[in-house]
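The values are calculated or read from the model by the stated rules, or taken from the named source; none is laboratory data. None of these values were measured; they are calculated from a predicted model. Don't worry about glycine lacking a Cβ; one is built from the backbone with ideal geometry, like all the others, and counts go over all protein chains shown.
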Number of protein chains: 2
Amino acid sequence: MLNSIGREIPDFIPGYGPVKPFAGAFSFPPDCQRQAPKVKMTVPGEIKLVTSLEEVFKKIAITDGMTLSFHHHFRNGDGVVNQVLAVAAKLGIRNLKIALSSVFPVHEPLIDHIKSGVITALDTNYLSGPVAQAISQGILDTPVVLRTHGGRARAIECGQLKIDVAFIAAPAADDYGNINGIQGPTACGSLGYAFADAEYADHVVAVTDYLVEYPLSPVSISQTRVDYVVKVATVGDPKGIVSGTTRVTKDPVGLKIAATAANVIQASGLLKQGFSFQTGAGGASLATAHFVRQMMDKAGITGSFALGGITGFMVEMLEKGLFKNIIDVQGFDSEAIRSIATNPNHIEVSANVYASPFNAGCVVNKLDAVILGATEIDTDFHVNVVTGSDGVIMGGSGGHSDAAAGAKLTIVVANLLRSRLPVIMDAVLTATTPGETIDVLVTERGIAVNPKRSDLAAILAAAGLPVVNIHELKQIAEKIAGKPQPIKLSEKIIAVVEYRDGTIIDVVRQRMAQE
Amino acid sequence: MLNSIGREIPDFIPGYGPVKPFAGAFSFPPDCQRQAPKVKMTVPGEIKLVTSLEEVFKKIAITDGMTLSFHHHFRNGDGVVNQVLAVAAKLGIRNLKIALSSVFPVHEPLIDHIKSGVITALDTNYLSGPVAQAISQGILDTPVVLRTHGGRARAIECGQLKIDVAFIAAPAADDYGNINGIQGPTACGSLGYAFADAEYADHVVAVTDYLVEYPLSPVSISQTRVDYVVKVATVGDPKGIVSGTTRVTKDPVGLKIAATAANVIQASGLLKQGFSFQTGAGGASLATAHFVRQMMDKAGITGSFALGGITGFMVEMLEKGLFKNIIDVQGFDSEAIRSIATNPNHIEVSANVYASPFNAGCVVNKLDAVILGATEIDTDFHVNVVTGSDGVIMGGSGGHSDAAAGAKLTIVVANLLRSRLPVIMDAVLTATTPGETIDVLVTERGIAVNPKRSDLAAILAAAGLPVVNIHELKQIAEKIAGKPQPIKLSEKIIAVVEYRDGTIIDVVRQRMAQE
């Protein structure tokens, strides 16, 4: 069958199940109750502290076929996933599903666990490094489920991603299971992605290297949801948290795109008192923030909140009074961690509060503008951030689709060429974020506005900005780099791309050996 | 049938349902899943702010027979319950169940709503003033359900108290439904009792008189659970929050009891580094805290946490470094409110975290010592805090049974005579807190230790404290005041006293006209 954006998807995918096809960004209202774990009882005097991960496996009785979940706040510095899975392997457990909110190069040992049958399923929002490459080579028999950050929280809260045991890497914990991310030698800041796991898993284990006297304060995840506390030598390496660059780009093309993106925001009329903004790490995004900041400074604008993965750049804007608040689901550097630990206006939120489409209203719904990237974008404005042009998985939505759906103004910034190939296609290889949620594409050769936003196109043109048709931009790129040859794909589905509402927006098929 | 403490209870109570008899403080493990409300979807741009309570009634479509819930953090200064119920009455709605965590004299208008049929059921943890008196006269056809603070949270989380609409009096809110209790003209401090309502009600309404720009920070109850925000002229009178006296008693008998209670704590060996303590407001409790504080000061002890309804006295101990933290489910005075708003070591917790028996571990489980009062106590150490000796309802458990069950050392302080009647009975009129959870009764004429704590009796006697048999204390009191005549009760059950685990520990029968 074809979903509403014309992607061909089976109605049943082995290893995933029946498919609800994507039908539009807000066209699939929920028809379910919240996940309802079994209610527990705890008697005074019961001890939660156990001496080793192995003991936790035995106390819970972790068995073949269970789903173990993990958060990724340590990013490439994570030290918990590998420790836990080594224990699983040692104990001869097989057939586990791993629900890890993002996968980084540090998680390379997953490959061996997949080969040996310890792991047979993977559920994540972002896949990079050796594991992504191995998955792309077809190492798993069942497709990876790729979700958005809000979609993962939604799937957990709605019981579609049912977690048997959540292992929560805890920078600080007390012996009764209170957890925060802001204290201890491995502080990571916000624990946003772990909240849904703690709330809805059948069993919850805090894994910490920094055990403090009861009661820990402040508390991010409460003792009432944590069954066991395990102290290990280390939960991770804080240096691995830093994401990409945290400096504004010096590349003149990148700066030009960023300046244009900032001009689009200004021309849109959104840049006024109470402005809210999301941008990621990375040179071009930060450069846009840099120009937006200059505009805010000049006009004396105090923004409402900055959102998303938080960097020192946003922290500085908070501290200079350019934003009233930071709303933080994930910290990207040490400045973000320092700020959330000390500034009451820097608010920790769960992935649910950040971006789940299925509750009484998430924060992305209140966003004015967001700057996003793209691996590919097509003339319908559908964006691919899952696969490279070679068909290999190199990312995932993360919060991409969530912020795009929520913000009043969603801007994709991209160089016309990426790795010497045009970034604009007739059809992206893997649709991740639907075009209906993208308002503007900003390139170094002009701005393409989504036809459904003809109001905005008129405003931008009136402001003297270089608005061009996206087909023209595509032609310019193809004149320089030629039209890329489509890669050959097999029938085997290696990943299912779930939209934030649980419908399937696309699948990733394994590429065939290319000629 | 008789429950495990010998109280005679029908196995089915009309208006309540089938009875699970009390079987011991930790003898009734849960066999249920968490309450699972229907999942919602909210699209960007949806507006939550509505102009009046009447509009909220229409938008939700509040209809006959629904359960509306409220919290009692404004205590006798509450301004929301009466406003909401006046709207219900005006709209001709009937047959409502009101789940109000505690009822105060200010809630007198409930009587007229009961008489007119707007309200036909009441669910609460504490009943005082005119409503308590009217209930005692049999004004309601169905029995009031009396719960503990932890038990109410448990009943909501387990789906036994199903809430259609939670009205949350919000000292501060933004237009997207984020709420806290620490800002605005009517700040009440902790919003602990409202958390379960917000999490599990089908519809949630924030009622505020202080609307701030989005995003409110800090956030106690999140936008993701709040459907509507209504601004009203006032949500209450902060002066009504203050509970009883907040000064140490000057009554010499009260001081003697308090000093003895403090000596019991010291002799027990619990008064050391990391000591944790709960005591309520009121002269005798505060006097005990006063003596405990002197001991801590003298011995250089830093306590772990003070718990419960919080007063300025505890705040001062926090600020002087005598406790590392305050854990606060409810503020009792303006100092408590100031402290929770400004001191990161003063932690807000939900009633669930405070005291629910059915989760991975509540805070009362970590209590060393608690000082509690009693209207009556019997020779099996069962305590009555629900009815006066005249059979009229004048209180309720609140956190009484919860703290008693959790603490390592539970001390009841009481004058031997209360309103000229002996406080020790053969059997209390209404069993609220089971004797198995009471360790010591301290009176001005000696200390009675529960026989199940013979270890403690020996330690206290060895410390030179006046340990006597509870039967002796009873005889002393009866020698002074005579043995009270039992009051005559009818068969009509006006209240069901639910223990924290949902079993029935006792019922309150309406008294007959006395001769």
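Assessment of the stretch A:252-268 against the conditions (of a type in the set (Ser, Thr, Tyr) and closer than 30 Å to A:Ile179 by Cβ) yields no matching residue.
Take the conditions within 25 Å of A:Phe74 (Cα to Cα), outside the structural domain of A:Ser220 (by TED's automatic domain parsing) and either modelled with pLDDT under 95 or hydroxyl-bearing (Ser, Thr, Tyr) (or both) and apply them to A:Ala281. Does it pass? For A:Ala281, the condition - within 25 Å of A:Phe74 (Cα to Cα), outside the structural domain of A:Ser220 (by TED's automatic domain parsing) and either modelled with pLDDT under 95 or hydroxyl-bearing (Ser, Thr, Tyr) (or both) - is met.
Note on the stretch B:268-290: residues that are more than 24 Å from the chain's Cα centre (by Cα) and buried (at least 19 other Cβ atoms within 10 Å of the Cβ) amount to 2. So how many residues does the stretch A:34-53 have that are under 33 Å from the mean Cα position of the chain (by Cα) and surrounded by 15 or more Cβ atoms within 10 Å (Cβ to Cβ)? Result for the stretch A:34-53: 10.
The test for being out of contact with any helix residue (DSSP H, G or I) (no Cβ under 6 Å at 6 or more places or on another chain) and among the aromatic types (Phe, Trp, Tyr) does not hold for B:Tyr176.
Quick one: which helices (runs of 4 or more DSSP H) lie wholly within the stretch B:273-381 and hold at least 1 residues that are within 14 Å of chain A (Cβ to nearest Cβ)? Can you show your working first?
Values: elements: B:283-299, B:312-319, B:334-342, B:351-355.
Helices (runs of 4 or more DSSP H) meeting the threshold: B:312-319, B:334-342, B:351-355.
For the stretch B:345-356, the count of residues that are surrounded by fewer than 21 Cβ atoms within 10 Å (Cβ to Cβ), modelled with pLDDT of 95 or more and either within 30 Å of B:Glu498 (Cα to Cα) or not assigned by TED's automatic domain parsing to the domain that holds B:Asp78 (or both) is nonzero. Residues in the stretch A:19-60 that are more than 7 Å from chain B (Cβ to nearest Cβ) and either in contact with a Leu (Cβ under 7 Å, 6 or more places away or on another chain) or more than 24 Å from B:Gln33 (Cβ to Cβ) (or both): 20 in all. Among the conditions (1) hydrophobic (A, V, I, L, M, F, W, C); (2) under 25 Å from the mean Cα position of the chain (by Cα); (3) at pLDDT below 95, A:Met1 misses just one, which is (2).
Could you please let me know if B:Ser397 is at pLDDT 95 or above, closer than 19 Å to B:Arg500 by Cα and within 14 Å of chain A (Cβ to nearest Cβ)? It is false that B:Ser397 is at pLDDT 95 or above, closer than 19 Å to B:Arg500 by Cα and within 14 Å of chain A (Cβ to nearest Cβ).
Condition check: among the small types (Gly, Ala, Ser) and within 14 Å of chain A (Cβ to nearest Cβ). Does B:Ala201 satisfy that?
Numbers: among the small types (Gly, Ala, Ser): yes; within 14 Å of chain A (Cβ to nearest Cβ): yes.
Yes: the conditions hold for B:Ala201.
Selection within the stretch A:208-230: residues that are surrounded by 24 or more Cβ atoms within 10 Å (Cβ to Cβ) and among the hydrophobic types (A, V, I, L, M, F, W, C). The member of this set that is nearest to the other protein chains (Cβ to nearest Cβ) is A:Val226. Only one entry of A:Asp78, A:Asp31, A:Asp11, A:Asp64 meets the criterion of being at pLDDT 95 or above, closer than 30 Å to A:Gly331 by Cβ and not aliphatic (A, V, I, L, M), and that entry is A:Asp78. Return a yes/no flag: does the stretch B:471-494 have any residue that is free of Cβ contacts under 8 Å to residues at least 24 places away in the same chain, buried (at least 19 other Cβ atoms within 10 Å of the Cβ) and part of a helix (DSSP H, G or I). Checking the stretch B:471-494: not a single residue is free of Cβ contacts under 8 Å to residues at least 24 places away in the same chain, buried (at least 19 other Cβ atoms within 10 Å of the Cβ) and part of a helix (DSSP H, G or I). Looking only at the stretch B:382-394, residues that are touching a residue at least 40 places away in the same chain (Cβ under 8 Å) and either facing chain A (nearest Cβ under 10 Å) or out of contact with any Lys or Arg (no Cβ under 8 Å at 6 or more places or on another chain) (or both) come to 8 in all. Out of A:Val106, A:Val56, A:Val87, A:Val43, one residue alone is at negative phi and free of Cβ contacts under 8 Å to residues at least 12 places away in the same chain. It is A:Val43.
Scanning the stretch A:416-429 for residues being assigned to a loop (DSSP other than H, G, I, E, B), modelled with pLDDT under 95 and not basic (Lys, Arg) gives a total of 1. Selection over the stretch A:430-457 of residues that are outside any loop (DSSP other than H, G, I, E, B) and on the phi < 0 side of the Ramachandran plot gives a count of 18.
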